[in-house]
1. Determine the gain in length on full extension of the stretch E68-T618; use 0.36 nm per residue of separation and subtract their C-alpha separation, reporting nm with one decimal.
2. Tell me, what is the per residue accessible area of region 51-159 in Å², probe radius 1.4 Å?
3. Using modelled backbone amide H atoms (1.01 Å from N, in-plane), which distant-in-sequence or interchain residues come within less than 5 Å of F47's amide H?
4. Output needed: percent of Cα pairs per 10 Å distance bin for region 401-523, bins running from 0 to the one holding the longest distance.
5. Given the chain, what whole percent of its Cα pairs are spread farther than 50 Å?
6. Contact order normalised by length for region 551-638, with contacts defined as Cα pairs under 8 Å and 6 or more residues apart; what percent is it?
7. Going by amide H atoms built from the backbone, whose H comes under 5 Å of the H on T95, apart from near neighbours?
8. As a test, work out the antiparallel percent of DSSP beta bridges whose residues both lie in the chain, rounded to the nearest 5.
Amino acid sequence: MIPKISTLSGYLYEYQKSLANPEAFWGNIAENFYWRKKWDNVLEWDFDNYDTKWFVNGKLNITENIFEKNLFMLADQPAIIWEPNDPSEAAITITYKELFEKVCQFANVLKAQGVQKGDRVAIYMPMIPEAAVAMLACARIGAIHSVVFAGFSATSLSDRINDSQCKVVLTSDGNFRGKKNIAVKKVVDEALENCSSVEKVIVVQRTHAEVNMKAGRDLWWHEVVEGVFTDNVAEEMDAEDMLFILYTSGSTGKPKGVVHTTAGYMVYTAYSFINVFQYNKGDIFWCTADVGWITGHSYIVYGPLLAGATIIMYEGVPTYPDVDRFWEVVDKHQVTHFYTAPTAIRALMSYGIEPVNKHKLTSLKVLGSVGEPINEEAWQWYYLHVGKGNCPIVDTWWQTETGGMMMSPLAGITPTKPAYATLPLPGVQPIIVDNDGKELKGNNVEGNLCIKYPWPSMIRTTYGDHERCKNTYFSTFKGYYFTGDGVKRDADGYYRILGRVDDVINVSGHRMGTAEVENAINSHPLVIESAVVGFPHEIKGQGIYAYVVLDSASENHEVDKIRQSLLLTVSKVIGPIAKPDTIQVVTGLPKTRSGKIMRRILRKVAEKEIGSLGDTSTLLNPEVVEEIIEGAGLKVPS
Ligand code: 7RM
């Protein structure tokens, strides 16, 4: 049994233990897993020339720790309860035994299709059980999965497939999402026009949309599994063998392939899941994220299944067929743990409490929040109206790169404070530094959030480019992992995440690089250059504001038409989630004498906070500032 903290003093004790001797602490926890061969050393690390290894020379397979290890206890327990988009379609329950069989069977299929240990497999799928089966089948045979959120465009998909040279793509014919019926396979077909590494595509039949199956390349999932054995011996993996790649946005244009490895990720996701959520046998855990994001990897698939939990997997959106769907599903499946993003809470909040009050919600025990800072108002609404004042909220701060939750209350144990991620989990050593890298000690300080000691599920590299990993995370503040977030430690020593301090914005809990959006806009033939900034948005947390300089050829077109066409371009290059909320056409961007865009000014205008523009005298072209202010519909301060 993975050790579970049950009191505040227990937490403080474990935390101290993890500081005093991290290796003994994590070694102890790792003892509770099934190893083919135990490790020689718990940890070897170097933050200067970045390298981290956990459970060195240990041998295992993560799926043996989900299935074989627990099967005699869990066989008939539901692993996945799948709730379809349309409530009139029946939910599907898959027990641990059934899931095990599906995973083994599909593992055999992948092998038969030539997938070998170390090969990369792209997964571009809606929220259907096959997505989890696909991930686990890859892990079973030692193939490295790269899940791409099915909302991304063909261009984004092909970029990701090419970056890691995927051999196989697993997808579906279509995707039911709310009222939409999305042609998923079409996007894959388009993407694959530019991907020479892909040999096979396996397609789940979900919507029965008409699709084009390319002979010799495309196969139907239901056909290839037919008659295939449902037992499979797991591949023996080294503790540090890659488990998966997950692409995430940073300050530069090109998303990075964050690499997670086998043993550390396993130990940390299971431990953090059980402790933060205080999961008990029989509880029903629902994380509303998509498997395309790290939250879906760690807390829909790996963490909960390693802990033997029953999870809900939901295909649809919060507002279909009505704005009370989440609460209906909670009652229907007697959900005990509900984990969602602030943006969803704010969106549902805007419909008032009536849709919530239509449902009992008495099964709920713990509420969770993830993905972006939760504002106090949303926190209170969640606590009072969803949790009826009886459910602790765990505001969990973490990142794709951290693999698992880093700061969070332990449910019902750590006293909470609205909008605070509260305290670090055992084994996590946060440090706040100023812009010169000097540590800010004590309480009542604010600065850049770094982590000064390794934890098991930390990023190992960025796929194919280790220098990039070093530069992005370990060079800003020497000797520390830099998170990119600003943070405050208050008088009680509690942490409050303030948001990104780099050029990353967080739109509805989705991470986006401003440079990435700019590149997409700049690919439009009428655009000379652009600058993208975030601005506070009531529901999305941040919205996207784009300043665009157009080519003289644009004079022949209506500005509104150009705007529409720019939105289409961004949708095509990245995906609809990256569409700007506002596009302002300007004649120039404010630039410093060295040619750098002064984003500070653009941010202020987007925020409508032009009272405090600061010094603009160093600008090369101060005259554009007035134009930009007026163009934004604001009054130039006299
Ligand atoms: C899990 C996830 C990471 C960024 C991170 C933060 C922000 C995430 C919280 C949060 C405030 C939280 N991974 N973030 N959780 N900010 N409070 N509880 O979201 O890689 O997609 O994004 O998200 O800025 O750096 S992610």
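1. Full-extension gain reported as 191.4 nm.
2. Value returned for region 51-159: 28 Å² of accessible area per residue.
3. Here the answer is none, since no amide H 5 or more places off falls under 5 Å of that of F47.
4. All Cα pairs, binned at 10 Å, distribute as 12, 39, 36, 12, 2, 0 percent.
5. 9 percent
6. The normalised contact order for region 551-638 reaches 24 percent.
7. Answer set, sorted by chain and number: A79.
8. Close to 60 percent.
The values are calculated or read from the model by the stated rules, or taken from the named source; none is laboratory data. Worth saying up front: this structure is predicted, and the values here are computed from it rather than measured. With ideal geometry, Cβ positions are generated from the backbone for all residues, glycine too; neighbour counts draw on all protein chains shown. For the accessible areas, the whole protein counts, side chains as well, though only heavy atoms, and no ligand, DNA or RNA atoms are used. Shrake-Rupley method; radii C 1.70, N 1.55, O 1.52, S 1.80 Å.
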